[in-house]
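What follows is calculated from the coordinates using simple rules that are stated; it is not laboratory data. All figures in this text were calculated on a predicted structure; none of them were measured in a lab. No Cβ is skipped: glycine too gets one built from the backbone with ideal geometry, and neighbour counts run over all protein chains shown.
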Amino acid sequence: MSERVIQDSAAADAAAILTLVKHPRNLPRLSPLFQQGFLVKVPGSGSIRTILCGHLGLGAEYLEGRIQTIFLNGKPVDDVDAAMVGGGDTLALSAAMPGLVGATMRRGGYLAGLRANISHRDQEQADHGGECLVKLKLFNLLTEELGPVFLEKGIWVEEAVLELFLHHQPKDFWAGFLAAYLNGEELDLQALPSMAWAQGGDLICLRVIASPG
């Protein structure tokens with residue numbers, strides 16, 4: 001694995017970059033990290049559409065057709081152009097959910113009026129500023145569709161969260177990986193499950209990339 005592949009990332013300024021190299025056809029079970037939430041860096045505050053499409057590279061058609069339910073700081077959102085996101089905010093994204101709850105929470109759905117008292121209000125705008133971190137949560141089908149995309153670019157997780165996650169993975173989880181690198185230096189894969197990460201409360205950039213072979 002070349003040094004360029006290991007370190008060529010928008011996350012190059014992270015305190016530490018952990019890169020896991022997986023088998024080309026292996027999809028690691030990282031859903032708990034996606035559902036619990038991970039951090040992404042964006043140039044500044046903006047609408048949900050600006051954050052997802054302009055900064056994070058999602059297609060407009062994907063946003064409109066696939067991401068049916070959006071929560072901003074725990075409140076369902078209907079208008080992705082009016083709802084503003086800034087540093088410290090949390091965006092939860094989901095494909096269509098089944099049943100009455102799914103229909104009620106779906107943005108712009110015909111039952112959206114049933115949860116008007118808990119919906120996000122457009123005037124609750126985030127503070128404008130420079131580069132910031134936004135927490136993303138992915139659910140159901142989006143974990144498989146978007147999770148690998150974000151992992152290849154690099155996601156930020158807290159040291160304690162990463163340590164807890166790695167320590168609880170079974171042996172067959174690690175069998176799907178070929179190599180591991182910390183800031184470009186190769187690590188022993190067998191040592192990762194017991195490594196201590198939670199030392200200074202910092203963030204770690206986690207990347208998962210496929211082996212070219």
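A few notes on this one:
- Around THR143: net Lys/Arg minus Asp/Glu count, Cβ-Cβ under 13 Å: +1
- Counting only residues at least eight positions apart within a chain, or on another chain, the lysines with an alpha carbon under 16 Å from that of LYS75 are LYS135, LYS137.
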